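These notes are about the structure you will find just below.
The values are calculated or read from the model by the stated rules, or taken from the named source; none is laboratory data. Since the model is a prediction, treat every value here as computed from it, not as a measurement. So basically every Cβ, Gly included, is an ideal-geometry build from the backbone, and we count neighbours across all protein chains shown.
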Amino acid sequence: MDSPRYLELFDRDAARLREVAVRDVGAPVPSCPGWTAADLLLHVGEVYLHKVEAMRRGAWPDPWPLPPEPAEPAGYFDRALSVLRAEFAARKPGEPALTWYDADQTVGFWVRRMALETVVHRVDAELAAGEPLAPIPDDLALDGIDEILVAFLAYAAAKWPEEFGDGLAAAEGRTVSIQAGDHRWLVRPSASGVEVAKGSTAEADASVTGSPHDVLLWLWGRQGGTTPSFSGGSEPVERLRGLLKDATQ
């Protein structure tokens, strides 16, 4: 995917998130226990502003978060969205930018990351409102699957293994096939880290299969779509589910 496509979907999902969340800002968010729709708007707005500050400073903003503003949640979200969108418009995707992912230190990383951040939280807003989930386009869902497996899981397990506690240390290398449409990833967690082989046809100990939309939501611990199908042993899938929860907290 290229930056214009990410930005197109970012705009669409941000608008949908706001539209649904403001209907009842006190509604609980079932996928984020303890949060209301107001908390969701404030969280996403804070994430947007954090990325703006990181791009402007070339350093992580400290202190963070900034003191709360008097604006109500929707107004805060609107301002943060406007500022982030303007920052993206003023920069080129290949321009250097500080990120947490060593392999990509560009503005384009944040364009991608914010598009994927927003679509997951758009789903949260829909779940809070009891709304049917708007479909996640296949290109974005497949890209999101790759991101969570490669950047959030494999990279983070190598960079910050302590964040995974006993779940990673006890992993025995049993593989899980993640199949979304015609695309497949083979995931092998072990005490030494997590290997992800995209396109591998090797036999796996267990498998998770579904549409790109449904697999992405399962990987992020969201429900509301059609549950993927599972085969093989349950232990490798349960271990992967636990590692994913650690990776995305």
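Kindly provide the set of residues from region 182-232 that are of a type in the set (G, A, S) and in contact with a Lys or Arg (Cβ under 7 Å, 6 or more places away or on another chain), ordered by number.
Listed by number, the residues that qualify are G199, S200, G221.
Could you please find all residues in region 234-249 being over 26 Å from E131 (Cα atoms) and surrounded by fewer than 15 Cβ atoms within 10 Å (Cβ to Cβ)?
Answer for region 234-249, where residues must be over 26 Å from E131 (Cα atoms) and surrounded by fewer than 15 Cβ atoms within 10 Å (Cβ to Cβ): S234, E235, E238.
For every residue, the table says whether it meets (1) in a strand (DSSP E or B); (2) surrounded by 16 or more Cβ atoms within 10 Å (Cβ to Cβ); (3) free of Cβ contacts under 8 Å to residues at least 24 places away in the same chain.
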residue	(1), (2), (3)
I148	no, yes, no
A157	no, yes, no
D166	no, no, yes
I178	yes, yes, no
R184	yes, yes, yes
P189	yes, yes, no
G224	no, yes, no
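Could you check how many residues of region 197-216 are surrounded by fewer than 21 Cβ atoms within 10 Å (Cβ to Cβ) and within 15 Å of I148 (Cβ to Cβ)?
2
When you scan region 97-118, do you find a residue that is under 16 Å from E19 (Cβ atoms), buried (at least 17 other Cβ atoms within 10 Å of the Cβ) and touching an Asp or Glu at 6+ places or on another chain (Cβ under 6 Å), even just one?
yes
Within region 53-91, how many residues are outside any loop (DSSP other than H, G, I, E, B) and aliphatic (A, V, I, L, M)?
Selection size over region 53-91: 9.
Among (1) in contact (Cβ under 8 Å) with a residue 60 or more places away in the chain; (2) more than 23 Å from V196 (Cα to Cα); (3) in the same structural domain as K51 (by TED's automatic domain parsing), where does Y76 come up short?
Against the list (1) in contact (Cβ under 8 Å) with a residue 60 or more places away in the chain; (2) more than 23 Å from V196 (Cα to Cα); (3) in the same structural domain as K51 (by TED's automatic domain parsing), Y76 comes up short only on (1).
Given the residues G45, G34, G94, which is the only one that is touching a strand residue (DSSP E or B) at 6+ places or on another chain (Cβ under 9 Å), of a type in the set (G, A, S) and either assigned to a helix (DSSP H, G or I) or within 30 Å of A158 (Cα to Cα) (or both)?
Just one listed residue meets the conditions, G94.
Among the residues of region 208-233, which ones are over 14 Å from G173 (Cα atoms) and over 21 Å from the mean Cα position of the chain (by Cα)?
Across region 208-233, the qualifying residues are S229, F230, S231, G232.
Residues being within 18 Å of E238 (Cα to Cα) and either in a strand (DSSP E or B) or modelled with pLDDT of 95 or more (or both): count how many of those fall in region 191-213.
11
Would you mind stating whether R5 is touching a residue at least 24 places away in the same chain (Cβ under 8 Å) and within 15 Å of V123 (Cα to Cα)?
Criteria not met by R5.
Can you find, within region 23-56, the residue that is farthest from R222 (Cα to Cα) among those that are surrounded by fewer than 16 Cβ atoms within 10 Å (Cβ to Cβ) and without any contact (Cβ under 8 Å) to a residue 40 or more places away in the chain?
R56
Answer yes or no as to whether V20 is among the β-branched types (V, I, T), touching a residue at least 40 places away in the same chain (Cβ under 8 Å), over 15 Å from R112 (Cβ atoms) and in the same structural domain as E117 (by TED's automatic domain parsing).
Considered against the rule, which asks whether it is among the β-branched types (V, I, T), touching a residue at least 40 places away in the same chain (Cβ under 8 Å), over 15 Å from R112 (Cβ atoms) and in the same structural domain as E117 (by TED's automatic domain parsing), V20 comes out as yes.
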